[in-house]
1. Assuming 0.36 nm per residue, please report the length gained on full extension of the stretch residue 13 to residue 66 beyond their Cα-Cα distance.
2. For the stretch 1-70, what does the alpha-carbon gyration tensor say about shape, rounded, prolate or oblate, given a ≥ b ≥ c as the root eigenvalues, a/c under 1.5 as rounded, and a/b over b/c as prolate?
3. What is the helix-to-structure angle for 47-79, meaning the angle in degrees between its Cα long axis and the longest Cα principal axis of the chain, kept from 0 to 90 and rounded to the nearest 10?
4. Return one number: the angle in degrees, 0 to 90 and rounded to the nearest 10, between the long axis of the Cα atoms of helix 119-140 and the longest principal axis of the Cα atoms of the chain.
5. How big is the C-alpha Rg of the stretch 65-142 next to the rule-of-thumb value 2.2 N^0.38 Å, as a ratio?
6. Once every DSSP H run of n ≥ 4 in the chain is given -39500 (n - 2.57) and the sum is divided by its residues, what mean residue ellipticity at 222 nm do you get, rounded to the nearest 500 deg cm²/dmol?
7. Using only the alpha-carbon atoms, how far is helix 81-103 inclined from the longest principal axis of the chain? Give it as 0 to 90 degrees, nearest 10.
8. Could you work out the relative contact order of the stretch 15-140, using alpha carbon pairs under 8 angstrom and six or more residues apart, expressed as a whole percent?
């Protein structure tokens, strides 16, 4: 289970990566706090503001996915610590690529740079499968 805990610790570092990515983009775009995003009008005119919005959205998406990641790691990792840790590490790498790709998407695009890390979403499916299977095994006393 120590592998599971180490992998989860990697997600903490991933959050700091997103904080840095978003913070540096915010500074470059000159978007003041407490504004969470640059306006659509400003972002459509200014590539730095568009990049900030993309970085901010990548961070928000990470935060939306984090509870799923943590719960699957903690539950599925009880019975399958190595498999879950390998998939968890792949998820973390995918999220890094997602964040970098999204931030560096072409100006006024749909943020298609995020597709570079899309495999992170695919990795979550077998993670969920092992979590559900672990739950079944615990429920049935297997």
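FYI, it's all coordinate maths here, none of it is from the lab. In this text the structure is predicted, and so the values were computed from the model without any measurement. Please note: Cβ atoms are built from the backbone with ideal geometry, for glycine as well, and neighbour counts cover all protein chains shown.
1. 17.8 nm
2. prolate
3. With rounding to tens, the tilt is 10 degrees.
4. Tilt of helix 119-140: around 30 degrees.
5. So the Cα radius of gyration is 1.31 times the expected 2.2 N^0.38 Å.
6. -27500 deg cm²/dmol
7. In the chain, helix 81-103 runs at an angle near 10 degrees to the longest axis.
8. Contact order relative to length: 25 percent.
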